[in-house]
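For reference, the structure is listed below as structure tokens.
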Amino acid sequence: MDERRRFRVFIGIVVSIVVIGSLFVVGAARAENADNWALLASAVTVCALAFVALLVARKRLKEMKSGIPSEDERLTAIKERAGYLSFFASMYVCLGLGFIFGVFTEDGTIEFLTVGEIMFLLVAVMGIIYMLAWTAVSRGTGRL
Amino acid sequence: MKTRMKELRARYDMTQEDLAARAGVRRETVLFIENGKYVPSLKLAHEIAKILKTTVDELFIFEGD
């Protein structure tokens, strides 16, 4: 599969995510159920992420048409470094969150979250850490 | 690491975009190399030196040299 076709497939997937996410948001809002906040929040997050991905893909496609490579050795190096940093940061943050949940749940300070809510929270935290690592590394610290 | 890329680009009346297109990289990569914030691979350094009609050791000045 050539690069241009791969991008079209990627855009197709992203558009599908936006549509499905929007349907979830509409469905959750219509249900008028206060317990649906997690579903609503996750759908909004997915939609937002998909929208950003769509913008990035559109920009990349435009660049590709004008002959600019979508990826080069610096971008590959950034991905590797950001992935490495965010993996360790996420691991410690997840351990910390587990500890906090453990302590506060035992003494009854907070009500324990459901597995779905915890998964959503952890994935969101990992995503944010990766974005922060990407931004820090891509700004160029000379350590790439 | 310091570089003479800017000076040589100006000599050949080349923009960062021109150089990036000829070297097959993104413009940001050229910008970061020029500012000394990214150390290119030997392959890319050689490619840039070839485009700017010079050698790698004349193009890049490492501290202590």
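The values are calculated or read from the model by the stated rules, or taken from the named source; none is laboratory data. Note that the structure is predicted; figures quoted are calculated from it, not measured. When we count neighbours, we look across all protein chains shown, and the Cβ atoms used for this are built from the backbone with ideal geometry, even at glycine.
Quick look at the numbers
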quantity: Flag for B:V56 being within 12 Å of chain A (Cβ to nearest Cβ) and either more than 20 Å from A:I78 (Cβ to Cβ) or free of Cβ contacts under 8 Å to residues at least 60 places away in the same chain (or both); calculated: no
quantity: Selection within the stretch A:61-78 - under 23 Å from the mean Cα position of the chain (by Cα) and assigned to a helix (DSSP H, G or I); calculated: A:L61, A:R74, A:L75, A:T76, A:A77, A:I78
quantity: Residue tally, condition more than 10 Å from every other protein chain (Cβ to nearest Cβ), without any contact (Cβ under 8 Å) to a residue 24 or more places away in the chain and surrounded by 14 or more Cβ atoms within 10 Å (Cβ to Cβ), over the stretch B:21-45; calculated: 1
quantity: When residues of the stretch A:44-79 are limited to those that are over 20 Å from A:R8 (Cβ atoms) and within 13 Å of chain B (Cβ to nearest Cβ), the one surrounded by the fewest Cβ atoms within 10 Å (Cβ to Cβ); calculated: A:T76
quantity: Which numbered condition B:D18 misses (of (1) loosely packed, with under 14 Cβ neighbours inside 10 Å; (2) more than 9 Å from chain A (Cβ to nearest Cβ)); calculated: (1)
quantity: Verdict on B:K2 being over 22 Å from A:I78 (Cβ atoms) and within 14 Å of chain A (Cβ to nearest Cβ); calculated: yes
quantity: Subset of the stretch A:47-72 that is in contact (Cβ under 8 Å) with a residue 40 or more places away in the chain and of a type outside the set (G, A, S) - its residue that is farthest from B:L44 (Cα to Cα); calculated: A:L49
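Per-residue answers, yes or no, for (1) farther than 21 Å from A:V123 by Cβ; (2) modelled with pLDDT under 75:
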site	(1), (2)
A:R4	yes, yes
A:R8	yes, no
A:V18	no, yes
A:L23	no, yes
A:A28	no, yes
A:A38	no, yes
A:C47	no, no
A:M64	yes, no
